[in-house]
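Computed from the coordinates by the stated procedures, all read-outs in this text should not be read as laboratory data. This is a predicted model, so every value here is computed, not measured. FYI the Cβ positions are ideal-geometry reconstructions off the backbone, even for glycines, and counts take in every protein chain you see.
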Amino acid sequence: MPSKLLKLNLPDHWSDFLQAVDEKLEAPVKLHCMGGFVVEAVYGIPRRTADLDYISVDPTSAATTLERIAGRGSKLAGEHSVHFQKVGVADYPEDYEKRLSKLDLGLKMLQLFALDPYDLVLSKLTRNIGKDREDVKALAQQQTLSFSIVSKRYEEEMKPWISNAEKQDLTLYTLWKDFFPR
């Protein structure tokens, strides 16, 4: 599944929180992560966020446990001012799992996997609010992302099933295209 292993220097608030979660888990849990946490922790773009968004949990039965231990309103969330959040509705490329990177956090029970930068950009396409556009622009510049790769993934792995494709076309090909290096 993961294409590579990423070693991180997490900000203390995330490192302490993830260690505390890991200590409370009784069985291994794998999360596919996206959103501001990945932008900040993996790609090093200054983007303070209070939630760690995930789109998949393995085993699926662990979702309830994670929510109880570290979800919004949990004791750990109160202590660390961050929390886990299952993303209910999100669009992302269908083959994203092939390109996940495992985050080397030195934890025993909790394994985090991050979307690659192209899939992360495309996961922000549908919502397209201000912070999403800022994230896309920063990722495109910092990672020197190719617009042709983004558009190819969009056309092949999202557009066939995404709702309101005309709107997403406008966002990608008109609003976002200039964010990418030439």
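Which one is right for this structure if mean projected area of the Cα convex hull in nm² is calculated from it: [x] 11.1; [y] 11.8; [z] 10.0?
For mean projected area of the Cα convex hull in nm², the calculated option is [z].
Taking amide H positions as placed 1.01 Å from N in the peptide plane, with prolines and chain starts having none, which residues 5 or more places from LEU52, or on another chain, fall under 5 Å of its amide H?
Amide H neighbours of LEU52, under 5 Å, 5+ apart: HIS83, PHE84, GLN85.
Order these by the 10 Å Cβ neighbour count, fewest first: VAL87, VAL121.
Ascending Cβ contact count within 10 Å gives the list VAL87, VAL121.
Would you calculate a helix-derived [θ] at 222 nm for the chain, using -39,500 (n - 2.57) for each DSSP H run of n ≥ 4 and dividing by the full residue count, to the nearest 500?
Mean residue ellipticity, 222 nm, calculated: -10000 deg cm²/dmol.
For segment 122-179, what mean projected area does the convex hull of the alpha carbons give, in nm²?
Average of the hull's projected areas for segment 122-179 equals 3.6 nm².
Modelling each spin label as a point 7 Å along the Cα-to-Cβ direction, I'd like the SER148/LYS102 distance in nm, to one decimal.
3.3
Fewest first, what order do SER74, SER123, SER61 take by the number of other Cβ atoms within 10 Å?
SER61, SER74, SER123
Restricting to Cα pairs below 8 Å that are 6+ residues apart, what does the relative contact order work out to for segment 122-179? Please round to a whole percent.
Once divided by the residue count of segment 122-179, the mean separation gives 50 percent.
Taking the Cα-to-Cβ direction at TRP161 and at LYS75 and moving 7 Å from each Cα, how far apart do the two end points lie in nm?
It works out to 4.0 nm between the two label points.
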